[in-house]
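Here's the structure, in structure tokens; my notes come after.
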Amino acid sequence: MANVEAHITGTVWKVECKVGDTIEEGDTVVILESMKMEMPVEAEDAGTVKAILCAEGQAVSEGDALVELE
């Protein structure tokens, strides 16, 4: 299992996947908003979304797990 983590501190603007989705390496799974800029968070590994660990509007810190892949 692999987690997709936030690479910056910000707010979850949009979740781009749902549980059960097949994700390829490089796919955008979450979009974060920081300093009025939208930053896509991409999967570093391919897999299937097992769990969404964040919600739209939630504040996250760098390194927080956002999506769990299996």
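The values are calculated or read from the model by the stated rules, or taken from the named source; none is laboratory data. In this text the structure is predicted, and so the values were computed from the model without any measurement. We place every Cβ from the backbone using ideal geometry, glycine too, and count neighbours over all the protein chains shown.
As a summary of the residue check, His7 satisfies the conditions (1) modelled with pLDDT under 95; (2) over 13 Å from Leu69 (Cα atoms) except for the one numbered (1).
Taking the criterion of being assigned to a strand (DSSP E or B) and free of Cβ contacts under 8 Å to residues at least 60 places away in the same chain, the residues of the range 1-24 that qualify are Gly10, Thr11, Val12, Trp13, Lys14, Val15, Thr22, Ile23.
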